[in-house]
Amino acid sequence: MGKRKRAQRKRATDPTSSALAPPRPERAAPTGAPAADPAVAVEFARARTRFAQGVRSYSEGRYDDAARALDDVLDVVPTSADALCARGMVAASLDDRETAVRCLHDGLKLLGGVPDDSTAEAWNELAVSQRALGGVKNLDAAEATLRVLLERLDDHGPAWHNLALVLADLDRVDEAAAAARRASVLLPNHPGVLTLLGKQLRAQGRLSSAAAVLRRARAAAPDDAEVMTALANVLFYLGEIDEALGLFRRACELCPDWPIAWTNIGTMLYAAQETDESIAAHERALELQPDSAHFRMRRSAALLQMGRLREGWEEYEQRLDNDPPLRRWAGTAQWNGEPAAGRTLLVYREQGIGDEIMFASCVPDLAAAGVELIVETDPRVVSLFRRSVPGVTVRAQSDDCLATDDASAPTAPDADLAVAMGSLGRHFRGDLAAFPRRAGYLRADPRLAARWSERLAQVDGAGPFVGISWRSMIRSAERRLEYSRLDEWGGILTVPGVRFVLLQYDECEREVCEAERRFGIAIHRWRDLDLKNDFDGIAGLMAGLDLVIAPRNAVTMLAGGLGIPTLAIGNEGDWSECGTGQLPWFGSVECLNRNIRDPWEVVLRAAADRVQRLVRGDAPVHPPFAPLPAAASPSASVSRIV
């Protein structure tokens with residue numbers, strides 16, 4: 001569907017697109033026109049006629065004809081406010097947003113710059129076009145336009161909807177939700193308004209409220225694919241997996257050429273372990289939008305999950321050019337695995353600290369190749385990495401590596417080549433045999449390890465020390481299904497003869513105190529240890545632990561890097577498992593996974609059993625260097641989504 005048809009369809013159904021009544025033609029000619037000159041009088045009369053023709057063409061949807069007629073008027077009367085406003089409305093209908101903004105701005109200024117009932121739709125359309133131009137400057141201008149309008153006309157529903165859209169674009173979620181709620185009062189049955197409100201409630205983490213609002217939207221528009229996908233996304237993270245997948249499939253049936261619908265269902269099928277269908281859905285999205293780095297990045301997760309590592313790593317490279325791009329030192333030649341003897345190679349961080357520790361397990365492989373190596377990393381792990389990979393220059397990454405504008409391409413001053421940390425998997429982990437079975441690659445500071453050994457020895461009681469963490473710091477709605485709650489850990493925390501140590505690195509004191517009270521236990525913690533930033537101190541503490549239990553977060557990655565026996569609690573099929581059901585990056589980590597449809601009790605009970613085994617001394621919780629399971633074999637054929 002072309003731009004013009006999309007714009008016409010949007011105008012017919014969306015309150016964010018204004019549909020002005022035709023401007024008053026009598027104001028097309030200035031007052032006091034010099035009728036004494038017959039030629040001028042003829043020109044003014046023709047302008048009035050062309051204005052009426054333009055208004056009629058606009059109302060009939062003949063926007064090109066309307067534009068030509070109104071341009072004729074403005075050639076004669078360039079300061080006609082109504083002609084400018086009408087030309088702006090026509091330009092918006094033609095998706096010519098720059099012309100729309102210019103004409104509407106000038107026309108409304110000539111009309112006094114104060115909204116009233118007769119100009120409200122022109123003000124609203126001005127904001128719509130400002131937002132459509134994109135960029136923070138234009139979004140700020142759209143917000144200012146709408147606030148001027150709403151200061152005068154507080155009951156203008158489309159303006160409240162547009163304000164919510166602008167605020168959502170600016171990531172001001174709470175304000176966007178408030179504006180969308182006001183719009184929903186004024187336009188109570190409009191599916192677009194309700195869908196926007198539902199999305200903002202989801203962004204606030206209010207999933208149940210979001211589902212209720214989105215069900216209202218679906219009742220108002222039962223065959224609207226956008227409403228379906230918004231509702232399906234919320235239901236999925238509420239654990240209503242099968243209903244969510246049904247809605248995703250229906251959205252794909254209704255809009256088979258909408259790539260967003262296909263990539264959405266592909267992502268959710270991946271999480272639900274329906275991998276063949278996930279791959280097929282992502283491939284359909286890429287057929288429709290082959291240049292999308294985002295879609296290819298999503299497909300990479302499904303490929304890696306299936307154990308198709310070489311294909312998956314190739315697609316994973318798309319993350320570097322996604323939005324926002326992760327590529328650093330863009331002016332330095334990027335290393336693609338070619339021989340680099342005699343040259344200096346810079347490895348730069350580009351993701352969160354947990355992923356950084358996981359991918360940095362490839363740095364010893366690179367160092368062994370004899371390349372002169374510089375590693376830029378999170379400042380929190382510089383000394384840990386220096387100690388663990390001798391002979392490698394390790395330094396904190398600075399902001400100099402980032403482009404400051406579209407034209408800049410920073411060049412590393414002391415390196416010939418650069419490579420992203422996450423790209424090392426492509427070069428060194430192309431199949432399962434390439435994953436080394438070793439007791440970690442990181443080394444705790446011996447002095448800090450000895451100090452923490454002394455402090456642990458002062459803890460009352462006997463029995464093993466078990467470090468615990470139950471979530472990451474990112475607590476979005478999307479992460480809801482990835483983490484259990486501490487109050488669900490009763491089976492673990494009540495195993496007799498265990499001394500628990502806190503490793504959770506966000507604000508959790510209230511949860512910890514409640515768990516201590518509820519389960520009658522102590523969870524040991526030290527106020528002088530910063531569990532978020534002091535990675536040397538945490539590594540020293542971990543060196544004295546017998547076991548760590550955590551989800552796939554920075555705690556698990558650090559413990560695995562140190563070779564500490566670790567139970568990683570999570571959902572089946574995370575891409576980092578590379579099709580094995582385990583974390584092949586670390587030989588001391590055992591994954592206890594649940595099907596996403598199952599309660600957390602399934603894996604928490606298994607973890608409690610491992611802790612009991614540790615207390616009894618029956619067997620190692622997880623034998624180091626256990627053989628890796630084979631990756632699941634990809635199906636010979638890919639099923640079609642129906």
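The values are calculated or read from the model by the stated rules, or taken from the named source; none is laboratory data. Worth saying up front: this structure is predicted, and the values here are computed from it rather than measured. Here the Cβ is made from the backbone with ideal geometry for all residues, glycine too, and neighbour counts use every protein chain on show. Heads up: the accessible areas ignore ligands, DNA and RNA and are worked out on the full protein's heavy atoms, side chains in. Shrake-Rupley method; radii C 1.70, N 1.55, O 1.52, S 1.80 Å.
Could you tell me which GluC sites (Glu not before Pro) in segment 239-315 are loop residues by DSSP with no more than 16 other beta carbons within 10 angstrom of their beta carbon? Walk me through the intermediate numbers first.
On the way: sites: 240, 243, 253, 274, 277, 283, 287, 311, 314, 315; in loops: 240, 274.
Those that pass, being in a loop and sparsely packed, number zero.
Once the piece of chain linking residue 601 and residue 152 is laid out straight, how much longer is it, given 0.36 nm per residue of separation minus the C-alpha distance between them? Write out the running numbers ahead of the final one.
Details: separation 449, 0.36 × 449 = 161.64 nm, distance 5.57 nm.
156.1 nm is the gain from fully extending residue 601 to residue 152.
For the chain, which longest stretch is free of loop sites, where a loop site is one of the chymotrypsin sites (Phe, Trp or Tyr not before Pro) that DSSP puts outside H, G, I, E and B and that has at most 15 other Cβ atoms within 10 Å?
Numbers: sites that count: 526, 625.
My reading of the result: 1-525 is the longest stretch.
What percentages make up the Cα-Cα pair-distance distribution of segment 76-125 when the bins are 5 Å wide from 0?
For segment 76-125, the binned pair fractions read 5, 26, 34, 23, 10, 1 percent.
Assign one of three labels to segment 412-455, namely rounded, prolate or oblate, based on the Cα gyration tensor with a ≥ b ≥ c the square roots of its eigenvalues; rounded applies when a/c is under 1.5, prolate when it is not and a/b is larger than b/c, and oblate otherwise. Mind dumping the intermediate values first?
Working: a/c = 4.76, a/b = 1.57, b/c = 3.02.
Since a/c reaches 1.5 but b/c is at least a/b, the shape of segment 412-455 is classed as oblate.
First measure r as the distance between the Cβ atoms of residue 506 and residue 49, then evaluate 1/(1 + (r/R0)^6) with R0 = 45 Å and state the FRET efficiency to the nearest 0.05.
Details: r = 70 Å, r/R0 = 1.55.
Computed FRET efficiency for residue 506 and residue 49 comes out at 0.05.
Whole number in Å², please: accessible area per residue of the chain, 1.4 Å probe, ligands, DNA and RNA not counted. Write down the numbers at each step before the final one.
Values: 27960 Å² over 642 residues.
Ligands and nucleic acids excluded, the result is 44 Å² per residue.
Over the Cα atoms of segment 139-287, each weighted equally, I'd like the Debye log10 I(q)/I(0) at q = 0.17, 0.18, 0.21 Å⁻¹, rounded to two decimals.
Taken in order of the listed q values, log10 I(q)/I(0) reads -0.93, -1.00, -1.19.
Kindly count the pairs of lysines across the chain whose alpha carbons are less than 30 Å apart, treating pairs on different chains or eight or more residues apart as eligible.
10
Which trypsin sites (Lys or Arg not before Pro) in segment 293-362 sit in a loop by DSSP (not H, G, I, E or B) and have at most 15 other Cβ atoms within 10 Å of their own Cβ? Kindly include the intermediate steps, with their values, before the conclusion.
Working: sites: 296, 298, 299, 308, 310, 319, 327, 328, 343, 349; in loops: 308, 327, 328, 343, 349.
Here the trypsin sites (Lys or Arg not before Pro) that fit, given the DSSP loop and packing criteria, are 343.
With every protein chain in place, what's the accessible area of residue 507 (1.4 Å probe, Å², nearest 10)?
Looks like 140 Å² after rounding.
Pull out a ≥ b ≥ c, the square roots of the eigenvalues of the alpha-carbon gyration tensor of segment 44-190, then state rounded if a/c is under 1.5, prolate if not and a/b is larger than b/c, and oblate in the remaining case.
Details: a/c = 2.16, a/b = 2.05, b/c = 1.05.
Note, shape of segment 44-190 comes out prolate.
Based on the alpha carbon coordinates of the chain, what radius of gyration and maximum Cα-Cα distance (Dmax) apply, in Å?
Final numbers for Rg and Dmax: 30.5, 111 Å.
Counting residues in segment 448-571 as N, plug N into 2.2 N^0.38 Å and put the Cα Rg over that result. Working shown, then result.
On the way: Rg = 13.7 Å, N = 124, 2.2 N^0.38 = 13.7 Å.
This ratio for segment 448-571 stands at 1.00.
I need to check one value: relative contact order of segment 234-384, counting alpha carbon pairs closer than 8 Å and at least 6 residues apart, in percent.
Rounded, it is 13 percent for segment 234-384.
Using the alpha-carbon atoms, what tilt in degrees (0 to 90, nearest 10) does helix 120-133 show relative to the longest principal axis of the chain?
The answer is roughly 40 degrees.
Mean separation of Cα pairs under 8 Å and 6+ residues apart, divided by the residue count of segment 138-273: what relative contact order is that in percent?
Numbers: 174 pairs, mean separation 19.4, N = 136.
That works out to 14 percent.
At a threshold of 8 angstrom on Cα-Cα distance, excluding pairs fewer than six apart, so keeping six or more, what relative contact order does the chain reach in percent? Working shown, then result.
Numbers: 1151 pairs, mean separation 62.6, N = 642.
Averaging sequence separation for qualifying contacts and normalising by length gives 10 percent for the chain.
Find the Cα radius of gyration of segment 350-504, compare it with 2.2 N^0.38 Å by division, and give the number to two decimals. Working shown, then result.
Values: Rg = 20.0 Å, N = 155, 2.2 N^0.38 = 15.0 Å.
Relative to the 2.2 N^0.38 Å estimate, segment 350-504 comes out at 1.33.
Determine, from the Cβ-Cβ distance of residue 333 and residue 368 and an R0 of 22 Å, the FRET efficiency 1/(1 + (r/R0)^6), rounded to the nearest 0.05.
Values: r = 22 Å, r/R0 = 1.02.
The formula returns an efficiency of 0.45 here.
Roughly how many percent of the accessible protein surface of the chain is carbon and sulfur, given a 1.4 Å probe and a whole-percent answer?
Values: 13980 of 27960 Å².
In the chain, the share of accessible area belonging to carbon and sulfur is 50 percent.
Per DSSP H run of at least 4 residues, take -39500 (n - 2.57); add these up for the chain, divide by its residues and hand me the 222 nm value, nearest 500 deg cm²/dmol. Please list the in-between numbers first.
On the way: 27 runs with 319 residues, N = 642.
Taken over the chain, the calculation gives -15500 deg cm²/dmol.
Between the helical axis of 225-237 and the dominant principal axis of the chain, each derived from Cα atoms, what acute angle in degrees is found, rounded to the nearest 10?
Roughly 20 degrees between the two axes.
Using only Cα atoms, find the angle between the long axis of helix 275-288 and the longest principal axis of the chain, and express it within 0 to 90 degrees, rounded to the nearest 10.
Once rounded, the angle reads 30 degrees.
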